[in-house]
Amino acid sequence: MTSGLRFPDDPPRKLVGIARLAASADVLEAKRQVEYLELETRRFLGRGSGRMADIWTVNPYRGCEFGCKYCYARYAHEFMELRDPELFERKIYAKRFERSAFRTEVHRLKRGETVWIGTATDPYQPAERRYKITRRMLEVLAAERGLDIGITTKSDLVARDAELLFRVAAKNRVRVNLTITTLDETLARLLEPRAPRPELRLAAVRKLSAVGVPVCVLAHPVMPLINDSEQSLDAVCAAATANGASSFSAAPLFLKPCAQQVFFPFLEQRFPHLVRRYRERFERNAYLKGHYPEMIAERVEKIRAHHKMAARDAPEWPLDDQLDLFAVAPGA
Ligand code: SF4
């Protein structure tokens, strides 16, 4: 391992907090365009803020190799002074996991408290195959009782842990949110270049559901004129139902400036006819307001009713509160 590694984009000024930790991270592995680094971690559980104040969040990795074009979490790398948004998918930080330290934090939780894994970055991204931090966390949680545990991912790797999740669920409440934005493989490859194919994600829904772990399929984000047709959303909900999911949800895209830096050039390349309309709407406000979100909510409700599917039973993740977590809890 190499310690004290410096990157070409490191700014000359003195780094503090999470930026200092990131700049001194040990290299775990480098392959192709992706570099994996180990990040010293003061604590694993982060306390939510604002509307998430009663939630504990866990993100085993910083950065995400899946490289979704709409990803808002790219912003997190800015806290580490890594300002090129593409570094988010090429410099992946794995938190240095210490089982005893994590167990100590978990023991402090009260019964009924919610711990959500993967609120910012995907806990089953490719790095997890090798470092197994998410799995090791679940092994610790399997010894606990009375917690409310959730996971959000768009990776079929979560199915690897189906039996383990079943054991965690024996004494705790467990829920998995699996994101499937479209069943169209070509579109999925464009939007989420290195995420598993929709078909693989559905297989994971099936496997988790078969062992009794409740799965909510999320068709987030709903992007105007890209994946928002009733036909497209209905197809995802129908497939979710057929594969045993217990609930379905979909909400409109939001685009903070950090996400716009990647999403707008992507549109120019792949959907040039949409560029003007997206710029007009999102440059004014990161969130779509008014008729569109209402129309999508009605559409999703109608689709859910048609498939007799429940709404998701999980906390919403207000973006600004998410980003606060990165800002105030560098070790988390
Ligand atoms: S899986 Fe999630 S964290 Fe990873 S790039 Fe996609 S949106 Fe971002």
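The values are calculated or read from the model by the stated rules, or taken from the named source; none is laboratory data. All figures in this text were calculated on a predicted structure; none of them were measured in a lab. Note that we place each Cβ from the backbone using ideal geometry, even for glycine, and neighbour counts take in every protein chain shown. Side chains included, ligands, DNA and RNA excluded: accessible areas come from the protein's heavy atoms. Shrake-Rupley method; radii C 1.70, N 1.55, O 1.52, S 1.80 Å.
Between V222 and residues 5 or more places away or on another chain, which pairs have amide H atoms under 5 Å apart, with H built 1.01 Å from N, and which residues are they?
A251, L253
Which value, in debye to the nearest 20, describes the size of the charge dipole of region 38-162 about its Cα centre when Lys and Arg Cβ atoms bear +1, Asp and Glu Cβ atoms bear -1, and nothing else is charged?
280 debye
So what J values fall out for region 255-261 if you push phi through Karplus, 6.51 cos²θ - 1.76 cosθ + 1.60 with θ = phi - 60°, rounded to Hz, Gly and Pro as x?
Once θ is set to phi - 60°, the couplings for region 255-261 become 9, 6, x, 5, 6, 4, 4 Hz.
Straight-line reach from K154: which lysines have Cα under 16 Å away, leaving out those fewer than 8 places along the same chain?
K69, K207
Under a cut-off of 17 Å between alpha-carbon atoms, report the lysines in cross-link reach of K289, not counting same-chain residues fewer than 8 places apart.
Those lysines meeting the cut-off are K256.
Of the options T152, W116, L138, report the single residue whose Cα projects farthest towards the positive end of the charge dipole of region 72-154 (beta-carbon charges: Lys, Arg +1; Asp, Glu -1).
L138
Pull out the extension gain between R276 and A242, defined as 0.36 nm times the separation in residues minus the alpha carbon to alpha carbon distance; nm, one decimal.
Details: separation 34, 0.36 × 34 = 12.24 nm, distance 3.79 nm.
Value of the extension gain: 8.5 nm.
Using each residue's phi in region 174-187, evaluate 6.51 cos²θ - 1.76 cosθ + 1.60 at θ = phi - 60° and report the 3J(HN,Hα) Karplus result to the nearest Hz, with x for Gly and Pro.
10, 9, 10, 9, 10, 8, 9, 7, 6, 8, 6, 4, 5, 5
Considering amide H positions built from the backbone, and no H for Pro or chain starts, which residues 5 or more places from L39, or on another chain, come under 5 Å of its amide H?
Sorted by chain and number, the residues that satisfy this are A94, K95, R96.
Counting only protein heavy atoms and using a 1.4 Å probe, what share of the accessible area of region 52-198 belongs to carbon plus sulfur, as a whole percent? Can you show the working numbers first?
Numbers: 2420 of 5150 Å².
Of all accessible area on region 52-198, carbon and sulfur atoms account for 47 percent.
Please compute the net charge surrounding V158, taking Lys and Arg as +1 and Asp and Glu as -1 over other residues with Cβ under 14 Å from its Cβ.
Values: positive: R129, K132, R135, K154, R160, R175, R201, R206, K207; negative: D122, E128, D156, D161, E163.
Summing Lys/Arg as +1 and Asp/Glu as -1 gives +4.
Set the Förster radius R0 to 30 Å, insert the Cβ-Cβ distance between L164 and E86 as r into 1/(1 + (r/R0)^6), and round the FRET efficiency to 0.05. Show your work: numbers first, answer last.
Numbers: r = 33 Å, r/R0 = 1.12.
For L164 and E86, the calculated efficiency is 0.35.
Using the Cα centre as the reference, give the magnitude of the dipole from point charges on the C-beta atoms of region 171-224 (Lys, Arg: +1; Asp, Glu: -1; all else neutral), rounded to the nearest 20 debye.
The dipole of region 171-224 has a size of about 380 debye.
What residues have an amide H closer than 5 Å to that of W116, excluding those fewer than 5 places away on the same chain, when H is modeled at 1.01 Å from N in the peptide plane?
W56, T57, V58, G150
Estimate the FRET efficiency between M295 and E113 by the formula 1/(1 + (r/R0)^6), using the beta-carbon distance for r and 45 Å for R0, to the nearest 0.05.
0.80
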